[in-house]
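Below is one structure, written out as structure tokens; comments come after it.
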Amino acid sequence: MDLPKQPAGLYRPDFEHDACGVAFVVDMHGRRSHDIVEMGLQALCNLEHRGASGAEANTGDGAGILLQVPDRLYRESVGFDLPEPGRYATGIVFLPQDRSEREAVTEKVETAATSQCMNVVGWREMPVNRDQLGASAVAAMPYMAQLFVTCAEAQTGDMHLERKAFVLRK
């Protein structure tokens, strides 16, 4: 079936690149389990076309999974104290490989966090295994760091921290 080249009904050709493959694996009661992670990874493997591999079979678009904050893992992995679970937000930040450029961008991210009344708790260098990456993926790969922030106004379980983190991400 050929799709129209112009907008028709709800179809918008400018969104044609969005979400060609999506899978959801959840526990309806919000219970954390490694089985859920394994099923999510299997679902990702089943969506092979989402990998957008090109000339190199081991270079893709970075498809992945989303899961709850693994607080215990972070506490074991970071070199700084974290607030209690639910009182901090975290996210991966793609930064320039060049150290001086990276420091400038990191400073801008921290300034943006401060402008949202957030406090930067710390940064974690992401562990990276390049062994399975294609040459073009390695050439374009950013430096990846994990940012941890908190907000004094946020209470455990409320949406204030999520809203602030959402604005910071944007």
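The values are calculated or read from the model by the stated rules, or taken from the named source; none is laboratory data. Computed from a predicted structure; not experimentally measured. Cβ: placed from backbone, ideal geometry, glycine included. Neighbour counts: every protein chain shown. Heavy atoms of the whole protein, side chains included, go into the accessibility calculation; ligands, DNA and RNA do not. Shrake-Rupley method; radii C 1.70, N 1.55, O 1.52, S 1.80 Å.
Per this entry, ARG124 is not counted among residues that are more than 30 Å from GLN42 (Cβ to Cβ), open to solvent by less than 40 Å² (accessible area, probe 1.4 Å) and at pLDDT 90 or above. Taking the criterion of being under 29 Å from GLY30 (Cβ atoms), out of contact with any helix residue (DSSP H, G or I) (no Cβ under 8 Å at 6 or more places or on another chain) and of a type in the set (A, V, I, L, M), the residues of the range 112-163 that qualify are VAL121, MET126, MET144, ALA152, MET159, LEU161. Quick check: anything in the range 96-112 more than 28 Å from ALA137 (Cβ to Cβ), touching a Gly at 6+ places or on another chain (Cβ under 6 Å) and modelled with pLDDT of 90 or more? There is no residue in the range 96-112 that is more than 28 Å from ALA137 (Cβ to Cβ), touching a Gly at 6+ places or on another chain (Cβ under 6 Å) and modelled with pLDDT of 90 or more.
Among the residues of the range 56-75, the ones that are in contact with a Leu (Cβ under 7 Å, 6 or more places away or on another chain) and open to solvent by 60 Å² or more (accessible area, probe 1.4 Å) come to 3 in all.
With LEU82, LEU147, LEU73, LEU133 as the choices, which residue is of a type outside the set (Ser, Thr, Tyr), more than 25 Å from THR59 (Cβ to Cβ) and part of a loop (DSSP other than H, G, I, E, B)?
Residue meeting the stated conditions: LEU82.
Among the conditions (1) in a loop (DSSP other than H, G, I, E, B); (2) under 20 Å from the mean Cα position of the chain (by Cα), the only one that GLU56 does not satisfy is (2).
In the range 134-154, of all residues being more than 19 Å from the chain's Cα centre (by Cα) and not charged (D, E, K, R), the one that is modelled with the lowest pLDDT corresponds to ALA154. Report yes if LEU73 is at pLDDT below 90 and out of contact with any Asp or Glu (no Cβ under 8 Å at 6 or more places or on another chain), otherwise no. No, not satisfied.
Scanning the range 76-106 for residues that are more than 17 Å from ASN119 (Cα to Cα), without any contact (Cβ under 8 Å) to a residue 24 or more places away in the chain and either open to solvent by less than 60 Å² (accessible area, probe 1.4 Å) or of a type in the set (Val, Ile, Thr) (or both) yields one hit, ALA104.
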